[in-house]
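Q: Below: one structure in structure tokens.
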Amino acid sequence: MCRWAAYIGEPIFLEDIVSRPGHSLIRQSHCATQCASAINADGFGIAWYGERPEPGLYRDIYPAWSDPNLRALTAQVRSGLFLAHVRASTGTATSRNNCHPFVVGRWTFMHNGQIGGYETFRRDADMLIPEALYPHRKGATDSEALFLVALAEGLDSDPQGALERAVTRLVSLSLAKGAAPHLRLTAAFTDGETLYAVRAASDDVAPSLWHRWSESRGGRAVVSEPLEADEDGWEAIPQGSFCIFRGDTVEIHPFLPLALRDAA
């Protein structure tokens with residue numbers, strides 16, 4: 001399982017989430033505490049929004065803890081909306097195209113989890129991606145496929161519904177050709193204005209997901225694991241939730257795609 005962190009609010013240095021906290025995302029790349037593996041060393045990535053609608057993107061295949069460019073970049077760049085990810089592969093190759101986040105236009109998406117037995121129906125999953133979006137299929141992960149199918153299902157106008165429909169289509173393939181657990185999912189995605197996050201699973205073992213508002217920063221972190229062990233205010237996001245973060249407001253809605261009812 002991977003680990004990730006997102007932030008929305010007043011602009012801060014990327015390092016305030018990625019490298020400076022006691023349990024920063026870089027720390028989680030080799031000392032994660034809330035997933036099966038403590039090591040997430042199969043690449044990393046970060047996407048951030050600034051003066052233009054499309055985000056900046058930096059990804060590489062090295063472990064996050066060993067890349068000096070990542071520390072230098074996060075120490076200099078400020079942003080009011082960014083997504084960062086450290087990867088633990090569930091079977092696909094360690095390559096830059098398989099590193100999260102994924103970007104199409106103004107949309108950014110990252111994922112932790114798996115769609116069960118994906119390697120047995122990968123061709124079928126690719127067939128769900130329409131021709132107009134297929135040029136954005138750069139890698140081989142289930143995560144990128146889920147993102148592109150969600151875009152096809154109307155992410156621009158109906159973010160929750162589009163993701164529910166995309167999850168249903170891919171989990172249906174897992175039920176037909178794959179293996180249990182059919183879905184383990186946390187994801188964060190954004191259009192550059194609103195941050196969305198989801199936590200779901202076909203069993204009762206959804207990956208961990210937390211959020212916290214900081215009055216001093218004027219922003220919210222949404223993370224796989226709390227960034228400080230002794231810091232108050234971290235709230236666990238319940239399984240089966242779709243979250244909308246705008247400013248200091250939080251909306252949490254039930255998230256239960258049709259296919260998850262069949263997989264339960």
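Q: Search segment 85-106 for residues being of a type in the set (V, I, T) and under 14 Å from the mean Cα position of the chain (by Cα), and hand back the single one that is nearest to H30 (Cα to Cα). Let's see the steps before the verdict.
A: Taking segment 85-106 and keeping what is of a type in the set (V, I, T), we get 86, 90, 92, 94, 103-104.
Add one more test, that the residue is under 14 Å from the mean Cα position of the chain (by Cα), and what stays is 86, 103.
Numbers: V86: 10, V103: 25 Å.
Ranking the candidates gives V86 first.
Q: Being aliphatic (A, V, I, L, M) and modelled with pLDDT under 95 narrows it down to one residue among A93, A150; which is it?
A: None of the others qualify; the one that does is A93.
Q: Exactly one condition in (1) open to solvent by less than 10 Å² (accessible area, probe 1.4 Å); (2) polar (S, T, N, Q); (3) within 21 Å of G219 (Cβ to Cβ) is false for S29; which is it?
A: (3)
Q: Something else now. Can you tell me which residues in segment 227-243 are open to solvent by 20 Å² or more (accessible area, probe 1.4 Å) and either more than 17 Å from W210 (Cβ to Cβ) or of a type outside the set (D, E) (or both)?
A: We begin by selecting, within segment 227-243, every residue open to solvent by 20 Å² or more (accessible area, probe 1.4 Å); these are 228-236, 238-240.
Correct list: A229, G233, W234, A236, P238, Q239, G240.
Q: On to the next question. Do we find a residue being of a type in the set (A, V, I, L, M, F, W, C), in a loop (DSSP other than H, G, I, E, B), within 17 Å of the chain's Cα centre (by Cα) and buried (at least 23 other Cβ atoms within 10 Å of the Cβ) anywhere in segment 41-56? If you could, list the steps in order and put the result at the bottom.
A: As a first pass, look at segment 41-56 and keep what is of a type in the set (A, V, I, L, M, F, W, C): 41, 44, 46-48.
Cutting the leftovers down to in a loop (DSSP other than H, G, I, E, B) gives us 41.
When the remaining residues are screened for being within 17 Å of the chain's Cα centre (by Cα), the result is 41.
From what is left, the residues that are buried (at least 23 other Cβ atoms within 10 Å of the Cβ) are none.
There is no residue in segment 41-56 that is of a type in the set (A, V, I, L, M, F, W, C), in a loop (DSSP other than H, G, I, E, B), within 17 Å of the chain's Cα centre (by Cα) and buried (at least 23 other Cβ atoms within 10 Å of the Cβ).
Q: Please state which of the following conditions A201 fails to meet, knowing it meets all the rest: (1) under 27 Å from P55 (Cα atoms); (2) open to solvent by less than 30 Å² (accessible area, probe 1.4 Å).
A: (1)
Q: Within the set of pairs 6+ apart or on separate chains, which have a first residue in segment 153-170 that is of a type in the set (S, T, N, Q), a second that is modelled with pLDDT of 95 or more, and C-beta atoms under 9 Å apart?
A: Cβ pairs passing all conditions: Q160/Y196; Q160/V198; Q160/F242; Q160/I244; Q160/H253; Q160/F255.
The values are calculated or read from the model by the stated rules, or taken from the named source; none is laboratory data. Computed from a prediction, not measured in an experiment: that's the story for all the values here. Please note: Cβ atoms are built from the backbone with ideal geometry, for glycine as well, and neighbour counts cover all protein chains shown. When the accessible area is computed, the model is the full protein with side chains, heavy atoms only, and any ligands, DNA or RNA have been set aside. Shrake-Rupley method; radii C 1.70, N 1.55, O 1.52, S 1.80 Å.
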